[in-house]
Structures are given as C-alpha cells and as structure tokens.
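Working notes for the structure below.
The values are calculated or read from the model by the stated rules, or taken from the named source; none is laboratory data. Model, not experiment: these values are computed from the prediction. Positions of Cβ are generated from backbone atoms using ideal geometry, with glycine treated the same way; all protein chains shown enter the neighbour counts. Surface areas here come from the heavy atoms of the whole protein model, side chains and all, with no ligands, DNA or RNA. Shrake-Rupley method; radii C 1.70, N 1.55, O 1.52, S 1.80 Å.
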Amino acid sequence: MPARQGLPRRGMGIRIITDRMFGRKGVVMAAEVKAADERLTEAELDAYFEARIAGDQRIEPRDWMPEGYRRTLVRQVAQHAHSEIIGMQPEGDWIASAPSLQRKAILLAKVQDEAGHGMYLYAAAETLGVDRAELTERLVDGRQKYSSIFNYPALSFADVGVIGWLVDGAAICNQVPLCRSSFGPYARAMVRICKEESFHQRQGYELLLRMMEGTPRQRAMVQDAVDRWWWPSLMMFGPPDAESPNTRQSMAWRVKRDTNDDLRQRFVDMSVPQARRLGVTLPDPDLAWNAERGHYDFGPVDWAEFKRVISGDGPCNAERIARRRAAHENGAWVREAATAYATKHGGGRTAA
Ligand SMILES: [Fe+2]
Ligand SMILES: [Fe+2]
C-alpha cells in the first residue's frame, strides 16, 4: 500500500490537522503550515493517524496506517470471515432434515446469510491489500483460525435453535460494538451483518419456544442442547482479559471497543432472563445475581478445553477443515471460468 495516500492535503502540517480535530481550529494556523512539497516523516504520519483515532474518525483503506494496525485488522477480519463460512457447516447439515417446509426455509435463509457475511468480510479484508484466495489458503492449511464454537457438533434439531439463540446471540454481543470499529470497511460490514444476526437470534429463540411447548422429549432435547452449547458460547468472547495478548492494543486502536470479559458479562446478563422465560436451566451451579455488582456471577470457564479446541483438538476440527478444503477444491472450475470470462471481457479482475 502506498504509504502517503489519503492524507487530507499533501504538505499540510500535522499540528493543523490534529488541532482541527480537537476543535482548536485557527490557533496555530499560518505558522504551522508546511510548504506544499514537504514530505511528512513517519513520525508525523503516525501522529496524524493517532489523532484521527483519538478524534474517533474512521480510517479508510487509502489512508496511511501503521503496519501493526493493518496486520491486526487482516488477522481479525480474516478470522471473522472464516468463522462465518465455517459456521455454515453445523447447521447446514440440518437443512435437508428440517421438520417442516417453514423451518427449512428459515434455516436455508440463515445459512445463506452466513455465506454473505463471509463475503462482506473477505471484501473488507481485501481493502487492506490481501488476496481472498490467499486467506482461504491460510484457513485450509491451518495458518489462520476461526471461532472455536464451530468445532462442536449439532446433534439434534434443537441445536439449530440453541445455536441461533446462544451462538448468534453471543455474535451480536461481540459485533454490535464493532459497528464503531475504527476501520471503515469493517465497521460498515458490521452494520449490515448485525441486522441479519438479530434475525438469526430470534429465529433460534422462537424455535426453542415452540419446542418447549411440545412433548417432554422435545423439552429434553432443548435442555440437552443448552447443556452442550452454554459453556462453548461463553468461550466465544475469547480468553480472559488478563490472558488476551491482543486486547490492549486493539482497544487503543479502537479496532475493538470492549474487553472480552465485559462482553462475556453482558452476554450472561442478557441470557439468564431469556433462559428463565424459555424454561431451561443453564448448566452452571454458580450462576447467581450479584446485587452489589449489578450483574450475574458465573462459574469458571474451562480454559483448558478452549485452548485444546482452538489449537485443533475439538470434536469436529478435522471434519470442518476437510469439508472446507474439499469445497474450495471442487469450486476451482468456477473460479477459473469466472477469471477466463473477466479476462475475455477486459475486466482483468480475477475471481477469488
Ligand atoms: Fe454471521
Ligand atoms: Fe448468524
């Protein structure tokens, strides 16, 4: 990426730009204006970038950005895109076995939405100068990760409801603050994605409400699915703040807006009344309202399990990646045909 693109006006003094941002326009005007042909130093560019972040302004792809910021975003956006795509698998298996035409249509729409989320996010990552095909390579050969939650199996149709309620619910908690992420394309993708995640959460909760009005066996299916998905859902927020190496810098850059522990607490507080309304028990004997804190206390998360699953040893890791790799290889002819078409018609853009 060219280092000096995207500055407001070439040669403009950094102090002027930052002062404008903090509402002191005019204070240092003429004295600080640099000659039009003067090049900004790395330190000045960095100061300009930091001032924009401090002023809560968006960073756009053509703006200068520190290499660490770009790398952090590529990692986060790619990991998010991979999670959307791999996340189609646990529920996708149930499309053919949905219990009614209506449930099939809802589930199909939801899984297709997840594919769309992956596409928006790969497109956002591409604005940072990485190639979508390269990101897919990194996923299938294990160099990049996706959310640990998708390495658990969906064993019954109740799992479809619980994934919608808890997994999409946790995704919403994580993603709503990202609508204010400092990187423009990521923030804008999040606005659209969150609207669809809200539908995902509601369809899951509504399915569970119907099942809980059903037979004892249906209610037992829901409780069993809740027992299996509750703790992995809490792990979706990532390791505790004290052990999260990237959180501090990501918060400083406003790529992230809340810490893992704060988001996890928000999710627990939101889910407890919903579980009560549903009539299910969350599998945590330590779960209790703490009037002093104004939050629910909850038991310790099994971080050893999280580490095991995220590093490849979960129930479905091998299967998820094998299927993604097979889908990528089976789709090679489509990419080749699209590339040939684009070349023939002078577009020159290669298909990812
Ligand atoms: Fe999604
Ligand atoms: Fe979703």
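Residues whose amide H lies under 5 Å from that of F183, counting only those 5 or more places away or on a different chain, are I59; hydrogens are built 1.01 Å from N in the peptide plane. C173 sits with roughly 10 Å² accessible to a 1.4 Å probe, with DNA, RNA and ligands left out of the calculation.
Taking amide H as placed 1.01 Å from N in the peptide plane, G299 has its amide H under 5 Å from the amide H of D286, L287, each at least 5 places away in sequence or on another chain. The HN-Hα couplings worked out from phi for segment 70-76 by the Karplus form 6.51 cos²θ - 1.76 cosθ + 1.60 (θ = phi - 60°) are 4, 5, 4, 5, 4, 4, 5 Hz, whole numbers, x standing for Gly and Pro. Distance between the C-alpha centres of segment 269-322 and segment 196-235: 14 Å, rounded to the whole angstrom. The angle between the Cα long axis of helix 101-126 and the main principal axis of the chain comes to about 20°, on a 0 to 90 degree scale.
Sequence gap at least 6, Cα distance under 8 Å: using those rules, report the relative contact order of the chain to the nearest whole percent.
Numbers: 414 pairs, mean separation 53.7, N = 352.
That works out to 15 percent.
Computed from the Cβ-Cβ distance with R0 of 35 Å, the FRET efficiency linking L155 to R75 stands at 0.65.
For the chain, which longest stretch is free of loop sites, where a loop site is one of the GluC sites (Glu not before Pro) that DSSP puts outside H, G, I, E and B and that has at most 13 other Cβ atoms within 10 Å? Mind dumping the intermediate values first?
On the way: sites that count: E38, E213, E292.
Segment 39-212 is the longest.
Ordering Y186, V160, Q203 by the projection of their Cα atoms onto the charge dipole of segment 135-208, which places +1 on the Cβ of Lys and Arg and -1 on the Cβ of Asp and Glu, puts Y186 at the extreme positive end.
Computed from phi, the 3J(HN,Hα) profile of segment 325-340 under the Karplus parametrisation 6.51, -1.76, 1.60 (θ = phi - 60°) reads 5, 4, 5, 5, 5, 5, x, 4, 5, 5, 5, 5, 5, 5, 5, 4 Hz, with x in place of Gly and Pro. Solvent-free Debye calculation, one equal scatterer per alpha-carbon of segment 43-338: log10 I(q)/I(0) at 0.13 Å⁻¹ equals -0.95. Normalised radius of gyration (Cα atoms, divided by 2.2 N^0.38 Å) for segment 60-138: 1.38.
Only one residue of A220, P177, P90 has its Cα farthest out toward the positive end of the dipole of the chain, where Lys and Arg carry +1 and Asp and Glu -1 on Cβ, and that residue is P177.
How big is the dipole moment of segment 44-83 about its Cα centre under a simple scheme where the beta carbon of each Lys and Arg is +1, that of each Asp and Glu is -1, and everything else is neutral? Debye, nearest 20, please. Show your work: numbers first, answer last.
Details: 6 positive and 7 negative charges, 54 e Å.
Here segment 44-83 has a charge dipole of around 260 debye.
Remark: segment 87-100, residue by residue, has Karplus-estimated 3J(HN,Hα) of x, 6, 6, x, 8, x, 4, 8, 4, 6, 10, 4, x, 8 Hz, where x stands for each Gly or Pro and the curve is 6.51 cos²θ - 1.76 cosθ + 1.60 at θ = phi - 60°. FRET efficiency for the pair E336 and N246, taken as 1/(1 + (r/R0)^6) with r the Cβ-Cβ distance and R0 = 35 Å, rounds to 0.40.
Can you give the charge dipole size of the chain about its Cα centre, rounded to the nearest 20 debye, using +1 on the beta carbon of Lys and Arg and -1 on the beta carbon of Asp and Glu?
Working: 49 positive and 46 negative charges, 224 e Å.
Value, rounded to 20: 1080 debye.
Restriction of the trypsin sites (Lys or Arg not before Pro) in segment 111-145 to DSSP coil positions whose beta-carbon has at most 13 other beta-carbons within 10 angstrom yields R143. Taking label positions 7 Å along the Cα-Cβ direction at both S100 and C179, the computed distance is 3.1 nm, reported to one decimal. The listed residues S271, S311, once ranked by accessible area (1.4 Å probe) with the largest placed first, stand as S311, S271. Across the options P315, V268, Q57, the greatest Cα extent toward the positive end of the charge dipole of the chain (unit charges at beta carbon of Lys, Arg, Asp, Glu) belongs to Q57.
Here A123 and T281 are evaluated by their C-beta separation; at R0 = 51 Å the FRET efficiency comes out at 0.75.
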